[in-house]
Amino acid sequence: MTATPTRATARQQDAAGRRRYTVVDSPYGPLTLVATDGTLSGLYMTGQRHRPAEETFGEPDPGPFTEAVRQLDAYFAGELRVFDLPLHLDGTPFQRAVWEQLRRIPYGETRSYGELAEFLGKPGASRAVGLANGKNPVGIIVPCHRVIGASGSLTGYGGGLDRKQRLLAFEKGEEHDARTLF
C-alpha cells in the first residue's frame, strides 16, 4: 500500500520539476529553502501561512543552495541589500508581476498595497496585490515584508507580524546585524 503514495508523490515532483530542499538557521527561525531543477523556488518560515506541504519539497540536498545561503548570511550580517539569485517562481502572470514589483522596493523602504497596484497600472487592485503578496513563495529575498497598509500600519505577513516588524527594523538600521535580534 505504500507504493501508491510514493508513485503519486514522484509524479507530482516530476510535473513540478525535480525538487530539493535544505533547512538553514536564521535570526528569524529556521528557513526551508526549496529548489526546482536547481533554481531557488521557495523560502519558507516555520508556521508560515501558505507554506506548501513538506512532501512537495523533494529530497534533502544542500547542494543547490550554496549561493542562496551565502547571500542570506550576508543579508543577515547587514552586508547585502539586494539579492542577486536566479528564481523559479510559479504563479499567475499577475502574481509574478506583483513579485517583480516587490523586488524593486529598495532596502529599508516600504510601499503600500495601493502604491504597488498603481505601479502595475491597476489602481483599484490593492486587495489583489495583497493576495498575491501573501502567496510570495520566496519571502525575504522577494521582500514582501516591505509592503504596508495605506495608513502606514503593518498589515498581514505570512511569516507573522512580529517577523515583519523585526525585518523592517533591521533594514532601517535599528539593528546593525540581524543575528543580534534574538
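Only the coordinates and a few stated rules stand behind these numbers; no lab work does. The shown structure was predicted, so the numbers you read here are calculated from the model rather than taken from an experiment. In this analysis, Cβ positions are derived from the backbone assuming ideal geometry, glycine residues included, and neighbour counts consider all displayed protein chains.
Determine the shape class of the chain: with a ≥ b ≥ c the square roots of the Cα gyration tensor eigenvalues, call it rounded for a/c under 1.5, and otherwise prolate if a/b is greater than b/c, oblate otherwise. Since a/c reaches 1.5 but b/c is at least a/b, the shape of the chain is classed as oblate. Rounded to the nearest Hz, the phi-derived 3J(HN,Hα) couplings of segment 140-156 under the Karplus curve 6.51 cos²θ - 1.76 cosθ + 1.60 (θ = phi - 60°) are 6, 5, 9, x, 5, 5, 8, 9, 10, x, 4, 7, x, 6, 7, 9, x, where x marks glycine and proline.
Helices assigned as whole DSSP H runs in the chain whose Cα atoms extend at least 30 Å along their own long axis and whose mean Kyte-Doolittle hydropathy is 0.5 or higher are not found. Cut-off 16 Å, label point 7 angstrom out along Cα-to-Cβ of Ala150: give me the residues of segment 124-143 whose amide nitrogen falls inside. Residues 124-131 fall inside that zone.
Summing Cβ point charges (Lys, Arg +1; Asp, Glu -1) relative to the Cα centre of the chain gives a dipole of roughly 560 debye. When the chain is treated as a GNM with alpha-carbon contacts under 10 Å, the residue of Thr46, Thr32, Thr92 showing the greatest mean-square fluctuation is Thr92. Under a 5 Å amide H cut-off, with hydrogens placed 1.01 Å from N, Thr46 pairs with nothing among residues at least 5 apart or on other chains. Taking amide hydrogens as placed 1.01 Å from N in the peptide plane, the amide H of Ser112 sits under 5 Å from those of Ile148, each at least 5 positions away in sequence or on another chain. A cut-off of 5 Å between modelled amide H atoms, ignoring neighbours fewer than 5 places along the same chain, links Gly78 with Ala178.
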